[in-house]
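The values are calculated or read from the model by the stated rules, or taken from the named source; none is laboratory data. Here the structure is a predicted model, which is why all the values come from computation and not from measurement. Here Cβ is always computed from backbone atoms with ideal geometry, including for glycine, and neighbour counts include all displayed protein chains. These area figures cover heavy atoms from the full protein model, side chains too; ligands, DNA and RNA do not enter into them. Shrake-Rupley method; radii C 1.70, N 1.55, O 1.52, S 1.80 Å.
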Amino acid sequence: MYLLRAEAYAKKSSPDLASGAADLNLLRQNRIFGYVDETFSSANDLIAAILQERFKELCFEGFRFYDLKRNNLPVERDASDASPAWQTLAAGSNLFVYPIPLDAISANPNTIQNPGY
């Protein structure tokens, strides 16, 4: 929750860097022995730090995909994890959106399938 709130502070129309950094630093202080608070000069730097912390903190919990989608970032995999054709999934790719199940489309004729499916 601290990371979500920190991200919200960073994405406000006029970013509240101090409050966002305070949430991020509080979480890090509770996890890292001898941690020294970090300050941020831009919202982009703060968001990058928050996403990196979410990547570490919520590993294997299924949030990464949605973090990338919400921030319009690509999925990037190591060469050891995937063939070259599948190493990067562009941020605007139709594969970021799941297909609508056929039952849902059949139940409502006004439903249009997501592009690419």
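Take Ser19 and decide whether it is open to solvent by less than 50 Å² (accessible area, probe 1.4 Å) and more than 18 Å from Met1 (Cβ to Cβ).
Values: open to solvent by less than 50 Å² (accessible area, probe 1.4 Å): yes; more than 18 Å from Met1 (Cβ to Cβ): no.
No, not satisfied.
Go through the stretch 1-16 and give me each residue that's aliphatic (A, V, I, L, M) and open to solvent by less than 70 Å² (accessible area, probe 1.4 Å). Can you show your working first?
Step one: filter the stretch 1-16 for residues aliphatic (A, V, I, L, M), giving 1, 3-4, 6, 8, 10.
Passing the criteria: Leu3, Ala6, Ala8, Ala10.
Within the set of pairs 6 or more residues apart or between chains, which connect a residue that is without any contact (Cβ under 8 Å) to a residue 40 or more places away in the chain and open to solvent by less than 80 Å² (accessible area, probe 1.4 Å) inside the stretch 78-102 to a residue that is assigned to a loop (DSSP other than H, G, I, E, B) and of a type in the set (A, V, I, L, M, F, W, C) with Cβ atoms less than 8 Å apart?
Matching pairs, first to second residue: Gln87/Ala79; Ala91/Leu73.
Name the residues in the stretch 63-107 that are over 14 Å from the mean Cα position of the chain (by Cα) and of a type in the set (D, E, K, R), would you?
Arg77, Asp78, Asp81, Asp103
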